[in-house]
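Read the structure below first, then the notes.
The values are calculated or read from the model by the stated rules, or taken from the named source; none is laboratory data. As the structure is a computational prediction, the values presented were derived from the model and not from experiment. For neighbour counting, all protein chains shown are included, and Cβ atoms are generated from backbone atoms with ideal geometry for every residue, glycine included.
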DNA sequence: GTCCTCGGCAGTC
DNA sequence: ATCTGACTCATTCGG
DNA sequence: CCGAATGAGTCAGATGACTGCCGAGGAC
């Protein structure tokens, strides 16, 4: 190996990496706040990692055993982890749950219950076992997953178990993510972040960080030259930023393109002339789910190869209007695919083109990509290119926006005219604007707090993680649930609201409260909070508006608190069930246009 | 043995 | 999805 | 002219409703 790297060359044969060595790094990262120091620690770890172990280290850091787009999941969440801890440490399941509600981290719970200081398993061994767990399926698989992981628990030390259990939970919580890994790779070779853009570009178009890491490690930036956009291999999609007002939007973009924003499922379509492959926003393979779209791609794009960014939406066959998200999402399925395709046909609205007929378009400006996108499709009922306007006027954007809202759409996306397609990045090249961002344009709901849940991770320090919210049913003088709430408060406010709720603590659900879910701590209905939400949805879990046991209720989509507590309102002054239903009806009317 | 329900998980937004 | 909080980095302020 | 203060940007990790799949386990 010859290269100009400084300090990263293995000067001696590195030995196999033990899992306790890896978790020692994790513990250091855990204790480090500075991102620069975390990057340096990671760079050091990469230096000590043999090339053949790079895959394992990278995937484990990502909380996985395979690249993002591989359909390999652990199938071990919190409940099963609790069983693993009990089985692996000999503690009672009750005890495990009790400890978890206090410290909010199963890794830390297991650490408390283990004496052993250090295990003797290697990273390779742990990786192999975790892979086995992920691949286990069929009858008896749940018990087998648990016992495999419990076996590992018995063979590692205190510090190791802490991080071992966090891996399948997908909550390693080290304060590092993909961007930091990429900085660290660059830093390990160059002592600076200078190669980050090249590394990031490679990662974004092949979606496999382990491949990028190995190529880069072997040959530096030259090693990345062979990574190109390939039809069939998912590209990490570009994402948008938000602003508060239309004025801010125009200030940032000047003259820009404005497109409608659809409330469907993001879909990246690949066509190699024969095969159609589709990926979701997080690179799940959708290909088998939308046979109607696949057929349409073959027809409407015959003779071409391409990769496009799009939104898939179900629509009303009678009126042509797009259906709500809850309808579209029913098309995301493995079984009864064909029947559902007939019942709920999809439209695919293309809004960007990354590749066409052998040419990578991602580095061309928006306007040119759009030209290509408008030119290659045949007419058809499924694939269509999104409409757009070009303007630098706030008034024009507002008019366009109002029209889209009036027709039941989510809002608009504004795009910088000369911007390239920034795969894997969230940037101000694309700015989304939804109704709920503009305070006066969207309704808020006054909700009564009915109780709270203990938090996990960092929130456990606060003694609270989320609230149970209700509204008032005037007809029956009952409080019914409409949402949980986990965002909007500062840490200080979380603590304050918990203190208030503890004063009104109830040992069980108060008699005037009707709920099908139970918080960790009940509270007598006293405090009213103002909640902003994007929409009201039909709900199988919340009791607001439920007529009888098996009916659907109503709930809030994307709830967040604004302000703290409304001192001027009594619980009976909260929004009523009847008002919620009225709001839902008004919203449903718009969807029909 | 077969069918059905439900809890848990993983994914969409 | 939304949101907060910590840190980084570039720019401006003030002595 | 240089260090301190400020503010925008980046990143990570809390949390939401809802749907479908899968396996477990009860009913029959």
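Overview of results
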item	result
Qualifying residue in region A:570-588 (condition: without any contact (Cβ under 8 Å) to a residue 24 or more places away in the chain, surrounded by fewer than 21 Cβ atoms within 10 Å (Cβ to Cβ) and outside any helix (DSSP H, G or I))	no
Residue list for region A:75-102, restricted to those being closer than 24 Å to residue A:461 by Cβ, assigned to a loop (DSSP other than H, G, I, E, B) and within 15 Å of DNA strand B (Cβ to nearest atom)	A:77
Tally, over region A:498-553, of residues that are within 16 Å of DNA strand C (Cβ to nearest atom), over 21 Å from residue A:455 (Cβ atoms) and in contact with a helix residue (DSSP H, G or I) (Cβ under 9 Å, 6 or more places away or on another chain)	6
Selection count, region A:463-485, where residues are touching a residue at least 60 places away in the same chain (Cβ under 8 Å) and surrounded by fewer than 17 Cβ atoms within 10 Å (Cβ to Cβ)	2
Matching option when the condition is under 23 Å from residue A:189 (Cα atoms) and touching a strand residue (DSSP E or B) at 6+ places or on another chain (Cβ under 7 Å), among A:29, A:17, A:60	A:17
Matching entry among A:290, A:306 (being under 25 Å from the mean Cα position of the chain (by Cα) and closer than 30 Å to residue A:62 by Cβ)	A:290
Number of the exception - residue A:472 against (1) within 14 Å of DNA strand C (Cβ to nearest atom); (2) modelled with pLDDT of 95 or more	(1)
Every residue from region A:523-569 that is touching a residue at least 12 places away in the same chain (Cβ under 8 Å), more than 16 Å from DNA strand D (Cβ to nearest atom) and assigned to a loop (DSSP other than H, G, I, E, B)	A:524, A:525, A:526, A:527, A:563, A:564, A:565, A:566, A:569
Among the candidates A:12, A:28, A:83, residue that is at pLDDT 95 or above, surrounded by fewer than 21 Cβ atoms within 10 Å (Cβ to Cβ) and over 30 Å from residue A:137 (Cβ atoms)	A:28
Residues (surrounded by 11 or more Cβ atoms within 10 Å (Cβ to Cβ) and within 16 Å of residue A:290 (Cα to Cα)) located in region A:326-341	A:327, A:328, A:329, A:330, A:331, A:332, A:333, A:337, A:340, A:341
Residue match in region A:400-409 (condition: within 16 Å of DNA strand B (Cβ to nearest atom), surrounded by 16 or more Cβ atoms within 10 Å (Cβ to Cβ), more than 22 Å from residue A:443 (Cα to Cα) and more than 21 Å from the chain's Cα centre (by Cα))	no
Segments classed as strands (runs of 3 or more DSSP E), wholly inside region A:338-430, with at least 3 members that are closer than 28 Å to residue A:304 by Cα	A:346-356, A:383-385, A:411-416
Qualifying residues in region A:129-142 (those that are out of contact with any helix residue (DSSP H, G or I) (no Cβ under 9 Å at 6 or more places or on another chain) and in a helix (DSSP H, G or I)) - the one surrounded by the most Cβ atoms within 10 Å (Cβ to Cβ)	A:131
